[in-house]
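**Q** I am attaching a structure below and will ask some questions about it afterwards.
Read-outs throughout are calculated quantities, based only on the coordinates presented, and are distinct from any laboratory measurement. Note that the coordinates shown come from a computational prediction; the quantities given were computed from them, not determined experimentally. All Cβ positions, even for glycine, are placed from backbone atoms using ideal geometry, and neighbour counts span all protein chains on display.
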Amino acid sequence: MTGLDAGVQDFTIRLVLERERTIEFFGPADLTSEATDAVVNAANSSLLGGGGVDGAIHRAGGPAILAECRQIVSKIGSLPAGQAVITTGGKMAAKYVIHTVGPIYRGGEYGEAEKLASCHRECIRLADEHGLQSLSFPAISTGAFGYPVSEAAIIAISSTIEALVSANHLSKVRFVLFDIATLRAYTRAAEKPGNLDFTSSYRIEKKSS
C-alpha cells in the first residue's frame with residue numbers, strides 16, 4: 001500500500017445527498033490509515049484473515065480483530081457472501097471493522113450483483129445500528145474475487161446511496177481506493193447518474209485544483 005494518510009487527504013469528488021449525507025472518493029490510499037468510525041474489510045467467508053485488504057487490516061489492527069472473528073465463527077460458522085459482522089478495530093485509528101464477504105465473480109450469472117449490493121447495504125446497516133457516523137469502504141470483490149471494477153463501482157455507489165439516505169446516524173461514507181485506475185472507475189460512475197440505479201438525488205462537488 002502507499003502509506004498515504006487517508007485521514008488527511010482531500011476527496012477527489014464528493015456526492016452530497018439528502019440531509020447532507022456525503023459519499024467521498026479518493027486514492028491511491030491506505031484504508032488502514034482511515035480515521036472514520038469504522039472501516040470495511042473485504043473478508044473471506046472464514047473470517048480468519050487473508051491477502052489484500054483483509055491481510056492489511058489484520059496486520060494493522062493486531063490480534064484483537066482475529067480473536068473476535070474466531071468468536072463470531074464459533075457461533076455462526078462461515079459468513080455468507082453479502083452478509084456482514086462487526087469487530088473491534090484493534091490498533092487502528094478506526095474504532096471498528098465491519099467484515100463483509102463479497103461475491104466471487106463468475107460472469108454475473110450467479111447473483112453476484114445482488115450479493116455485492118447487499119455487502120454495502122449490510123455494512124451501512126450495521127454501522128448505523130451501532131450509532132456510527134462515518135464509514136470507509138474499499139472496492140469490494142474487485143481484487144482476487146475478479147469483479148470488473150467498472151461494474152462493481154456502479155453497484156457499490158447505487159446501493160450505498162440508497163442505504164445512506166435511510167440511515168439515522170451514519171452521515172459520511174468514504175470509498176478509499178487503492179490505485180488510480182480504481183479511483184477513476186468509481187469517479188466516472190459517480191459522475192454519470194444515468195448509469196446508476198437509485199431513486200435519491202445528489203449533487204456533485206469536486207476538489208478545487
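**Q** Rank by packing, highest mean first: peptides 96-105, 176-185, with packing defined as the count of other Cβ atoms within 10 Å averaged across residues.
**A** Working: 96-105: 23.7, 176-185: 19.7.
My ranking of the peptides, most packed first, is 96-105, 176-185.
**Q** Would you order R125, R203, R59, R174 from fewest to most other beta-carbon atoms within 10 Å of each residue's own beta-carbon?
**A** Details: R125 17, R203 8, R59 13, R174 25.
Arranged by neighbour count, lowest to highest, R125, R203, R59, R174 become R203, R59, R125, R174.
**Q** Per residue, how big is the convex hull around the C-alpha atoms of the chain? Give it to me in cubic angstrom, could you? It would help to have the intermediate numbers written out before the result.
**A** Working: hull volume 22.6 nm³, N = 209.
For the chain, the hull spanned by Cα atoms encloses 108 Å³ per residue.
**Q** By count of other Cβ within 10 Å, fewest leading, how are K115, K192, K95, K172 ordered?
**A** On the way: K115 22, K192 10, K95 15, K172 18.
With the sparsest Cβ surroundings first, the list reads K192, K95, K172, K115.
**Q** In which sequence would C119, C69 go, from the one with the fewest C-beta neighbours within 10 Å to the one with the most?
**A** Values: C119 27, C69 22.
Going from sparsest to densest Cβ surroundings: C69, C119.
**Q** Also: Using the Cα centre of the chain as the reference point, and only Cβ charges (+1 on K/R, -1 on D/E), how large is the resulting charge dipole? Debye, rounded to the nearest 20. List each step's numbers first, then the result.
**A** On the way: 20 positive and 22 negative charges, 32 e Å.
With only Lys, Arg, Asp and Glu charged at Cβ, the dipole is about 160 debye.
**Q** Pick from L164, L126, L116 the residue whose mean-square fluctuation is largest in a GNM of the chain, springs joining Cα atoms under 10 Å.
**A** Result for the chain, Cα springs under 10 Å: L126 fluctuates most.
**Q** Run the helix sum for the chain: -39,500 (n - 2.57) per DSSP H stretch of 4+ residues, divided by residue count, reported at 222 nm to the nearest 500 deg cm²/dmol.
**A** Working: 5 runs with 71 residues, N = 209.
The helix contribution divided over the chain gives -11000 deg cm²/dmol.
**Q** Want the number for K207 to S150: 0.36 nm per residue separation, take away the alpha-carbon distance, what's left?
**A** Numbers: separation 57, 0.36 × 57 = 20.52 nm, distance 2.19 nm.
Separation in residues times 0.36 nm, less the Cα-Cα distance, equals 18.3 nm.
**Q** Then there's this: Suppose a student asked you for the relative contact order of segment 25-198, using Cα pairs under 8 Å spaced at least 6 residues apart; what percent would you report? Before the final figure, lay out the partial values.
**A** Numbers: 362 pairs, mean separation 48.4, N = 174.
Once divided by the residue count of segment 25-198, the mean separation gives 28 percent.
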